[in-house]
Amino acid sequence: MTTSEEISALLVTKFGTDPEAIRPDVPLHRLRLDSLALEELRLHIEDRLDVDLEDVALTSRDTVGRLVEAVQGKVTA
């Protein structure tokens, strides 16, 4: 699975996000992810992909694409 697919799977299974709503240009707040949900998502991503995202700063105004880019940067590092 690609990083994008892993994140999409987490959004669907852990947060009940409609798979059709997950697109790179969609802001995270439109997927109903507030700061608490983003923190929970970060922990799920860290566990699933075995990466440290502690220094990645994202807000609910960032897009799904930005989230994927940030995680990919850590996975490939």
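Only a single item in (1) touching a helix residue (DSSP H, G or I) at 6+ places or on another chain (Cβ under 6 Å); (2) part of a loop (DSSP other than H, G, I, E, B); (3) closer than 26 Å to THR76 by Cα is not met by ASP25, and it is number (1). For segment 46-77, the set of residues classified as in a helix (DSSP H, G or I) and of a type outside the set (D, E, K, R) consists of LEU49, VAL64, GLY65, LEU67, VAL68, ALA70, VAL71, GLN72, GLY73, VAL75, THR76, listed by residue number.
Taking ARG66 as the residue in question, decide whether it is at pLDDT 95 or above and exposed (fewer than 15 other Cβ atoms within 10 Å of the Cβ). No.
Contact map, segment 39-65: residues that are under 15 Å from SER4 (Cα atoms) paired with residues that are buried (at least 17 other Cβ atoms within 10 Å of the Cβ) and small (Gly, Ala, Ser), Cβ distance under 6 Å, separation 6+ or inter-chain. No pairs are found.
The values are calculated or read from the model by the stated rules, or taken from the named source; none is laboratory data. Bear in mind the structure is a predicted one, so any value in this text is a computation, not a measurement. Neighbour counts run over all protein chains shown; Cβ positions are idealised from the backbone, glycine included.
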